[in-house]
Amino acid sequence: MSDEKKKCGLYMRVSTEDQAREGFSLPEQRERLETFCKFKGYEIVDYYEDAGISAKTGNYRPEFERLKNDIKAKKINTIVALKLDRITRSIYDWENLMTFLDENGAYLDCVNDEINTTSANGKMISRLLMSVSQNEIERTSERTKIGLAGAIKSGHIPHIAPLGYKHEDKKLVIDYSTKDVVIRIFDLYYNGYSYQKISNLFNDEKVLGKENWRDSTIVNILENEIYKGDFVHGKRTKHPIYYENVVEPIVSKEMWEDCQVQKKKNSRSYKRTLTYLYLQKLKCPKCGRILGGKATTKKNGNTYYYYYCNDCKIEFKEKVINDYFSQFISELVEYDSVVNQFFLPMIKQKFDEPKEQLEKEIKEQNNKLERIKKAYINGVFELKEYNEEKKIVEKAISELESKLDTTDCVEELKFTPKDILLKRDIDFINKIKLDKEHQEKTKTWKDYTRKEQAELIMKYVDDIELELIGNDISVKQINFRESICKPCQELFDNGYIDTTKPAIFGNVLGNIRFSNYLPEKEVSEIIMRLKQYYDVSYTEATYYVDKQVFYFNFVEDNSAIVRVFPLKDYYKLEPDNKMETYEFGIIYIREEDKFQMQEIDTAFDYIPDETNDSVLYMKEPKPISVGVKPVKFCEEDTE
């Protein structure tokens, strides 16, 4: 370097994370740089300080830009900094700066790194140090990303909790005080409401005590993947990362995806007019894509539905699925009836809104109310703000208490698994003995509207597997939702729900209602409760395993089998099925037996209370008074 006088600009930078580090404060840097210049004999022209700014690529540093402008104007010819990373941590930015300095006849001198760019060796060493610095940054970034990914996968979402969720132990969990609002938004939009119409409706109703619902708020909720259980990190960056199933979903993936499809059809003008029974349930047997639906309406007014895959040029009629599905329809409708009458009271609240969770949420809201009151007393809130906040919290408490009352109502009714078995037995007998009334009161598949049919399928069916045989599409299997059907299977395994099975009675082929083993005491209780409504009888029969035949004769005497069940737990006693015969108990009803209560509606709306098992059946039917419990959930006439 020539003996040209060094006119220096002292550059100091501190980022947010540096401010607590010893030796990196701006005053400390300034003092050390001044000492260095005095030692070297440099003339200090000006000071340039960037506070709270990182040296990442793309960050704008106003003082550094002023420094460069002063170099261009020949006010200074040397940059003096404490360390190389005070200038930049990017090789790309460093090379640009080196070019800039060369073009303007200027230099860089670093105190701690003992580097200057006045020689070729100095430039080479600076490049090596810059590479090491950038490598450390990239390694730190990788470690951070790995840690963040692990946290997200375990439910630690690094964002403010959206409506319907809250943070609990650093995890995102469902907020039972607001989740129903989210569900309602999706339901309304799915059924054709626009963003504006939903926001207007919510403002009119003052949902959550707010009158500032906007269509943009509704859009953000509908587009947020978190509600189907997924999370997108860096959504607004060039390289977003998608995480599946990281939190408990509030709506199904099918519902979420279908709302995105509807969004593309312009929600302000689009109204769903056609209902596809198997929407989002069918995948192409070739490529695995979810099939689209279309329909044609003939001159006779009949509408015919089709499903298709554009990519694979596959198309088939909905009837293909209907024909296969028909074998499940009656059982599905019957099962849905059981769900509505019993599973909802018995388990739905415990699944969706457990009593303990509701009580905990009410306690948290009451604590929040107390904090608001204290804040108002301490002058944090004005009276108007206090009343608004208080109103929102009190409304949330009221809704939670209402849900808790519903749960308490369930517990007061005290439905038991035996009630399910008893009600299904009574329904079966009603169908035989009170056929006309049964038809009037029982809703069958053909009585369902197409929309109700689609809702039933959406509720219970996970997906339908298709296969291609030659050029024909056929159903491989239907996968029912485990979360819904598992409770039913557990009840069957424990003997509290029946299923229909084929059987041979002597030389006659038929079907029987079969349930698993129950202890004799419980069977006796169910029979005695049945006898309060119908004069049922009980017998036993032998089942010959090798011939798969029951030897008893109910056909000739016009008796009807209500239900068959094993007298021992053969699955545990003989898991390999090596026994030659099984002994079964049989509940049956004779042709002459009639309903024994005065009010026919009782047969459909109530079941005998288990506390009245001392009431015996009477051979001469006449009205008797027995205790009953309602089977319609939380109705007015529960007395």
Worksheet item: Within the stretch 483-526, can you find the residues that are assigned to a helix (DSSP H, G or I), modelled with pLDDT under 80 and among the hydroxyl-bearing types (Ser, Thr, Tyr)?
Response: Ser483
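Collect the residues in the stretch 179-201 that are closer than 13 Å to Lys395 by Cβ and out of contact with any helix residue (DSSP H, G or I) (no Cβ under 7 Å at 6 or more places or on another chain), keeping them in residue-number order.
Step one: filter the stretch 179-201 for residues closer than 13 Å to Lys395 by Cβ, giving 180-181.
Asp180 - this is the single residue of the stretch 179-201 that is closer than 13 Å to Lys395 by Cβ and out of contact with any helix residue (DSSP H, G or I) (no Cβ under 7 Å at 6 or more places or on another chain).
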Practice prompt. Just name the residue that is nearest to Leu530 (Cα to Cα) out of those in the stretch 395-414 that are in contact with a helix residue (DSSP H, G or I) (Cβ under 7 Å, 6 or more places away or on another chain) and either modelled with pLDDT of 80 or more or in the same structural domain as Val523 (by TED's automatic domain parsing) (or both).
Written response: Leu400
Discussion item. I'd like to know if the stretch 331-351 contains one or more residues that are modelled with pLDDT under 70, part of a loop (DSSP other than H, G, I, E, B), of a type in the set (Phe, Trp, Tyr) and surrounded by 14 or more Cβ atoms within 10 Å (Cβ to Cβ).
Written reply: no
Discussion item. Give me the residue from the stretch 262-288 that is within 24 Å of the chain's Cα centre (by Cα) and loosely packed, with under 13 Cβ neighbours inside 10 Å and, out of that set, modelled with the highest pLDDT.
Written reply: Gly288
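Consider Gln453 carefully, then state whether it is under 16 Å from Phe328 (Cβ atoms), of a type in the set (S, T, N, Q) and in contact (Cβ under 8 Å) with a residue 12 or more places away in the chain. Don't jump to the end; show me each part of the working.
Values: under 16 Å from Phe328 (Cβ atoms): yes; of a type in the set (S, T, N, Q): yes; in contact (Cβ under 8 Å) with a residue 12 or more places away in the chain: yes.
Considered against the rule, which asks whether it is under 16 Å from Phe328 (Cβ atoms), of a type in the set (S, T, N, Q) and in contact (Cβ under 8 Å) with a residue 12 or more places away in the chain, Gln453 comes out as yes.
Looking only at the stretch 573-582, decide whether some residue is among the β-branched types (Val, Ile, Thr), farther than 16 Å from Asn430 by Cβ, in contact with a strand residue (DSSP E or B) (Cβ under 6 Å, 6 or more places away or on another chain) and at pLDDT 80 or above. Working first, answer last.
First pass over the stretch 573-582, keeping only residues among the β-branched types (Val, Ile, Thr): 581.
Now restrict to residues that are farther than 16 Å from Asn430 by Cβ: 581.
Applying the additional criterion that residues be in contact with a strand residue (DSSP E or B) (Cβ under 6 Å, 6 or more places away or on another chain) yields 581.
Those left that are additionally at pLDDT 80 or above: 581.
Yes; the residues of the stretch 573-582 include at least one that is among the β-branched types (Val, Ile, Thr), farther than 16 Å from Asn430 by Cβ, in contact with a strand residue (DSSP E or B) (Cβ under 6 Å, 6 or more places away or on another chain) and at pLDDT 80 or above.
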Worksheet, complete the sentence: Glu361: passes all of (1) closer than 30 Å to Glu455 by Cβ; (2) modelled with pLDDT under 75 but (2)
Practice prompt. Mind listing whichever residues of the stretch 67-99 are without any contact (Cβ under 8 Å) to a residue 60 or more places away in the chain, out of contact with any Leu (no Cβ under 7 Å at 6 or more places or on another chain) and within 25 Å of Gly41 (Cβ to Cβ)?
Written response: Leu67, Lys68, Lys72, Ala73, Lys74, Lys83, Leu97, Met98
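Working carefully through the options Asp463, Asp427, find the one that is within 30 Å of Ser559 (Cα to Cα), modelled with pLDDT of 80 or more and of a type outside the set (A, V, I, L, M, F, W, C).
Numbers: Asp463 fails: within 30 Å of Ser559 (Cα to Cα).
The match here is Asp427.
Among the residues of the stretch 357-381, what is the count of those that are in contact with a helix residue (DSSP H, G or I) (Cβ under 9 Å, 6 or more places away or on another chain) and of a type outside the set (D, E, K, R)? Steps first, answer last, please.
From the stretch 357-381, those in contact with a helix residue (DSSP H, G or I) (Cβ under 9 Å, 6 or more places away or on another chain) are 358-359, 361-362, 365-366, 368-369, 372-373, 375-376, 380-381; that's our starting set.
Checking which are of a type outside the set (D, E, K, R) leaves us with 358, 362, 365-366, 369, 372, 375-376, 380-381.
Counting residues in the stretch 357-381 that are in contact with a helix residue (DSSP H, G or I) (Cβ under 9 Å, 6 or more places away or on another chain) and of a type outside the set (D, E, K, R) gives 10.
If you go through the stretch 535-551 one residue at a time, how many are part of a loop (DSSP other than H, G, I, E, B) and either at pLDDT 90 or above or of a type outside the set (Phe, Trp, Tyr) (or both)? Outline the logic, then answer.
Initial filter on the stretch 535-551 (part of a loop (DSSP other than H, G, I, E, B)): 535-536, 545-548, 551.
Still in the list and also either at pLDDT 90 or above or of a type outside the set (Phe, Trp, Tyr) (or both): 535-536, 545-548.
So the answer is 6.
The values are calculated or read from the model by the stated rules, or taken from the named source; none is laboratory data. What you see is a predicted model, and the numbers here were worked out from it, not measured in a lab. Reconstructed Cβ throughout: ideal geometry from the backbone, glycine too, with neighbour counts over all protein chains shown.
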